[in-house]
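The values are calculated or read from the model by the stated rules, or taken from the named source; none is laboratory data. Remember, predicted model here, so these are calculated numbers, not experimental data. Cβ placement follows ideal geometry from the backbone for every residue including glycine, while neighbour counts extend to all protein chains displayed.
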Amino acid sequence: MSKIGIFYGSSTGTTEDIANRIADQLGVAGGDIYDVAEADAADADAYDTILLGSSTWGDGELQDDWYDFMEELKEHLDGKKVGFFGTGDSDSYADSFCDAVGILYDEVADSGCTTIGSMPTDGYNYEESLAERNGHFVGLLIDEVNEDDMTDERIEAWVKTLK
Ligand SMILES: Cc1cc2nc3c(=O)[nH]c(=O)nc-3n(C[C@H](O)[C@H](O)[C@H](O)COP(=O)(O)O)c2cc1C
């Protein structure tokens, strides 16, 4: 498999934890996992495949640290494969469940990358999500608030599609 880098934004540590659990299953080393609050966009140059993760805040917004980082990262994605993951709360925020995953997906649209890792929406309970396109999610959606018992299974299924 190609060399993988994982970039995440996380305010209270949930998405960071998921990034580490994805890395464990993919065999990605700790040095290849980046908190976008501290990373340099040029760090992405070392990888063929990049996984981008964000929690959703406000009413369907990206995690704060992504705003500046994404503008720079877009210049480093040409020719790469890019996958998306995120955490949210499908009960309290059923109308904007993991919207940030869809926002990340839209942000990279013109960057010359190929997107990977779409997932079925089966088994989720939510009303609306920007991460849903044509009946699929554009990446891995995790709800640690209400459905943490599903997380391992969901990560495993996603990792299989990436491999
Ligand atoms: C004020 C607030 C707003 C939130 N807004 C959303 C939202 O719009 N959609 C969603 O799916 N989750 C929302 N959440 C839930 C968080 O995304 C969720 O707890 C996430 O796992 C936090 O991850 P982090 O610790 O990596 O930032 C919100 C949580 C809070 C406290």
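Figures for the structure shown
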| read-out | value |
| --- | --- |
| Residue in region 81-90 that is among the aromatic types (Phe, Trp, Tyr), over 13 Å from the mean Cα position of the chain (by Cα) and modelled with pLDDT of 95 or more present | no |
| Residue match in region 34-53 (condition: polar (S, T, N, Q), crowded, with 19+ Cβ neighbours inside 10 Å and more than 13 Å from the ligand (Cβ to nearest atom)) | yes |
| Residue list for region 13-33, restricted to those being assigned to a helix (DSSP H, G or I) and within 16 Å of the ligand (Cβ to nearest atom) | Thr14, Thr15, Glu16, Asp17, Ile18, Ala19, Asn20, Arg21, Ile22, Ala23 |
| Residues that are buried (at least 21 other Cβ atoms within 10 Å of the Cβ) and of a type in the set (D, E, K, R), drawn from region 81-106 | Asp99 |
| Selected residue (only one of Glu127, Glu132 is modelled with pLDDT of 95 or more, touching an Asp or Glu at 6+ places or on another chain (Cβ under 7 Å) and closer than 25 Å to Gly58 by Cα) | Glu127 |
| Subset of region 109-161 [over 23 Å from Ala23 (Cβ atoms), touching a residue at least 24 places away in the same chain (Cβ under 8 Å) and of a type in the set (Asp, Glu)] | Asp110, Glu127, Glu128, Glu132 |
| Within region 1-25, tally of residues that are in contact with a strand residue (DSSP E or B) (Cβ under 6 Å, 6 or more places away or on another chain) and more than 21 Å from Trp57 (Cα to Cα) | 4 |
| Condition check for Glu38: in a loop (DSSP other than H, G, I, E, B) and either among the charged types (D, E, K, R) or without any contact (Cβ under 8 Å) to a residue 24 or more places away in the chain (or both) | yes |
| Boolean, Ala109 is modelled with pLDDT under 95 and surrounded by fewer than 19 Cβ atoms within 10 Å (Cβ to Cβ) | yes |
| Region 56-111, residues that are touching a Ser or Thr at 6+ places or on another chain (Cβ under 9 Å), more than 16 Å from the ligand (Cβ to nearest atom) and in a helix (DSSP H, G or I) | Leu73, Lys74, Glu75, His76 |
| Every residue from region 1-12 that is over 15 Å from the mean Cα position of the chain (by Cα) and either within 12 Å of the ligand (Cβ to nearest atom) or buried (at least 16 other Cβ atoms within 10 Å of the Cβ) (or both) | Thr12 |
| Residue in region 54-75 that is nearest to Lys163 (Cα to Cα), counting only those that are without any contact (Cβ under 8 Å) to a residue 40 or more places away in the chain and surrounded by fewer than 19 Cβ atoms within 10 Å (Cβ to Cβ) | Lys74 |
